[in-house]
Amino acid sequence: METRTWGWLAAVIDVVLIVAFAVIGRSSHGEAFAPLGLWTTAYPFLAGWAIAYVTSGAWSRPLAIWPTGVVAWILTVFVGMAIRVATGQGVVDGNPLPISFLIVATIVLGVFLVGWRLLARLVLRVRSPRRSETRSASAAERSSR
């Protein structure tokens with residue numbers, strides 16, 4: 001697959017995982033699935049991800065752990081938390097940024113945004129030798145004819 005295709009696919013996977021994070025978070029707190037509520041929860045993190053995607057040049061190296069995956073992870077969390085605090089989202093007992101949420105969001109988004117890239121690179125690495133072996137075998141068959 002060429003880099004351009006991976007760039008779009010990586011962007012879609014990242015966005016789906018960030019939205020999944022918001023869905024999981026809302027459901028774990030017993031909040032109803034409502035499009036506006038989901039958007040309110042997800043948009044701070046999507047904004048952070050969009051900034052990261054542009055600043056890291058992710059479209060040119062979408063499967064890179066560094067800088068793409070790590071920058072996407074860190075800015076998604078940092079900007080997302082900053083927007084949540086600025087807009088008054090998630091205040092618990094007067095605390096605008098509960099440490100437990102910061103820890104959970106950092107871990108989950110790290111696993112999501114860096115983890116899928118690690119898995120994709122592993123799968124591509126495992127499949128790569130098989131492809132070259134298959135190509136070599138078929139080239140050998142053609143030359144022996």
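When restricted to residues that are assigned to a helix (DSSP H, G or I), touching a helix residue (DSSP H, G or I) at 6+ places or on another chain (Cβ under 7 Å) and more than 17 Å from PHE21 (Cα to Cα), the range 77-115 contains 0. Within the range 20-45, the set of residues being assigned to a helix (DSSP H, G or I), out of contact with any Asp or Glu (no Cβ under 9 Å at 6 or more places or on another chain) and either touching a residue at least 24 places away in the same chain (Cβ under 8 Å) or acidic (Asp, Glu) (or both) comprises ALA20, PHE21, ILE24, THR40, ALA42, TYR43, PRO44, PHE45.
The rows are residues; the columns are (1) of a type in the set (A, V, I, L, M); (2) more than 11 Å from the chain's Cα centre (by Cα); (3) exposed (fewer than 14 other Cβ atoms within 10 Å of the Cβ); (4) more than 20 Å from GLY115 (Cβ to Cβ).
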position: ALA10; (1), (2), (3), (4): yes, no, no, no
position: GLY30; (1), (2), (3), (4): no, yes, yes, yes
position: THR40; (1), (2), (3), (4): no, yes, no, yes
position: THR55; (1), (2), (3), (4): no, yes, yes, yes
position: VAL71; (1), (2), (3), (4): yes, no, no, no
position: GLY94; (1), (2), (3), (4): no, yes, yes, yes
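Do we find a residue being without any contact (Cβ under 8 Å) to a residue 24 or more places away in the chain, of a type in the set (Val, Ile, Thr), surrounded by 18 or more Cβ atoms within 10 Å (Cβ to Cβ) and under 29 Å from SER27 (Cβ atoms) anywhere in the range 81-90? No, the range 81-90 contains no residue that is without any contact (Cβ under 8 Å) to a residue 24 or more places away in the chain, of a type in the set (Val, Ile, Thr), surrounded by 18 or more Cβ atoms within 10 Å (Cβ to Cβ) and under 29 Å from SER27 (Cβ atoms). A single entry from ARG125, ARG117, ARG142 fulfils the requirement of being at pLDDT below 95 and within 24 Å of ALA10 (Cβ to Cβ): ARG125.
Test ALA50 against the criterion of being surrounded by 17 or more Cβ atoms within 10 Å (Cβ to Cβ), among the hydrophobic types (A, V, I, L, M, F, W, C), without any contact (Cβ under 8 Å) to a residue 12 or more places away in the chain and in a helix (DSSP H, G or I), and give yes or no. The answer is yes for ALA50.
The values are calculated or read from the model by the stated rules, or taken from the named source; none is laboratory data. Source: prediction; values computed, not measured. Positions of Cβ are backbone-derived with ideal geometry, glycine not excepted, and every protein chain shown enters the neighbour counts.
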